[in-house]
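Before any comments, here is the structure.
Every number here is computed from the coordinates shown, using simple stated rules; none is lab data. Since the model is a prediction, treat every value here as computed from it, not as a measurement. Backbone-built Cβ (ideal geometry, glycine too); neighbour counts: all protein chains shown.
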Amino acid sequence: MSAYSPFEHLNSQYENNHFSDLISEADGIYWLKLRSIARKAHLAALCQRMGIDCSDVSSRDLLGFVYDHRPPTQIVEEYISATYESERSVRRSNEDYLVSQLYQMRVFDWGGLFQNNLERTIVNNYVKKINDWDELNRAIDDELHFSLKGYVRCSWYNHWSSILIEDIFKDHANVLPTIGLAKQVDFFINDFPFDLKVTYFPEGYMKLRRRAKGLRPEFTVLKQFCRKSGIWFESKKKEKELFPELMAKVEEFPHRDAENFLAELNGIRSEIITETLNDPNELLIWLYEKQGDRRFDAANRFFLVLIDLDNLEESWKLKRNKNLLSPVINAHLDNFEDVFIEDLKLQFNWKGAVFETYADILPVVVGG
């Protein structure tokens, strides 16, 4: 018999990435709903609504204290929905303006700096506090070195476009949102928890699928074509920097051979993407297994995969296209009750251990 209390038992499953076991517990979903409002201000407000005195309870013990008092699920959900709607109403009044600001982004270029490589203060002081394009640029010019511009712009775009997409999900009638940026759960679809991941078709997975077809990496064949066609490039540059440069040069190269090369490259891309989306489990497992150490978890995930078949490198632009995304996401959520949850279960390996989780995928594909 476990020495843990019921609360400690569920918390242990959560902390040890046993999500599949957690949600199968009779109290698992209820515990996650409380966990999604685990900030002291929210829990204290819920206690006040229930007439429970929590004034002598420490912040560390407050979640367990509330769980032990068992506020009814309906009251917990009503509190979450009301709090979300209060926060959402502010964003809703500013949403058209925000979308307009996102369209000021012309080029998605990290400038040689990538996520998690910079001090957290940069993200907190510039990316998350500023939602005005002009104000952002003044801050970059005045306070940050020129080389950081790309990093801050890309982080800003990702942050606000992600909030835009999350709100599409959370506004749906079948969705219970979380509030306060809850770890590992962004919302519940028909009472089933998911962490939303917005992504594009991964370069690494494209390499894997090309290799399985006996094809060399795109970067290799691209450099070979450029050498053959007399298109000069600096060979010492890293792939992330050189690849988009060579693609642009080939696209603008005034010769039929360049058109044929790109047509073949895009044709193979389209074939691989179509095959993958027809049976996406291998991709889903790959996405779990290729997580970085710092961000590893085995939470249930909802992958929204954005793909521009005509220009895969420009797929980032779809993330701000609310008019495209809203009907696709809402249609999927309308029909989610028809999804058999067990069909979403999968297993993946992480450093010698096997994890079980649930994952849904919604591709949004344009072009082709």
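Overview of results
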item	result
Antiparallel DSSP beta bridges within the chain, percent to nearest 5	45 percent
Tail beyond 23 Å, pair distance distribution of region 164-302 (Cα, percent)	53 percent
Mean Cβ count within 10 Å, highest first, over the residues of peptides 285-294, 268-277, 53-62, 154-163	154-163, 268-277, 285-294, 53-62
Projected label distance in nm at Leu324 and Glu8, using a 7 Å step from Cα toward the beta-carbon	5.1 nm
Amide H partners (placed H, <5 Å) of Leu362, local residues excluded	Phe303, Leu304, Val305
Taking the chain and dividing mean pair separation by its residue count, relative contact order in percent (alpha carbons under 8 Å, at least six apart)	18 percent
Projected label distance in nm at Asn311 and Glu252, using a 7 Å step from Cα toward the beta-carbon	1.3 nm
Sparse-neighbourhood loop sites, chymotrypsin sites (Phe, Trp or Tyr not before Pro) in region 334-364 - DSSP loop, at most 11 other Cβ within 10 angstrom	Phe340
Share of alpha-carbon pairs per 5 Å distance bin for region 146-243, given as whole %	2, 9, 13, 13, 12, 12, 12, 10, 8, 5, 3, 1
Gln74/Lys238 FRET efficiency (R0 35 Å; Cβ-Cβ; nearest 0.05)	0.05
0 to 90° range, to nearest 10: angle between helix 40-50 axis and the chain longest Cα axis	40 degrees
Correct choice for Cα extents along the principal axes in Å that was computed from the model, options [x] 50, 47, 36; [y] 76, 48, 36; [z] 59, 41, 37	[y]
Region 6-88: projected area of the alpha-carbon convex hull, averaged over directions, in nm²	5.7 nm²
Mean ellipticity per residue at 222 nm, deg cm²/dmol - from DSSP H runs of n ≥ 4 across the chain, formula -39500 (n - 2.57)	-16000 deg cm²/dmol
Cα-projected label distance for Asn94 with Ile163, points at 7 Å along beta-carbon direction, nm	0.6 nm
R0 of 35 Å, Cβ-Cβ distance Phe65-Asn125: FRET efficiency to nearest 0.05	0.50
Region 205-273: Cα Rg divided by the 2.2 N^0.38 Å rule of thumb	1.10
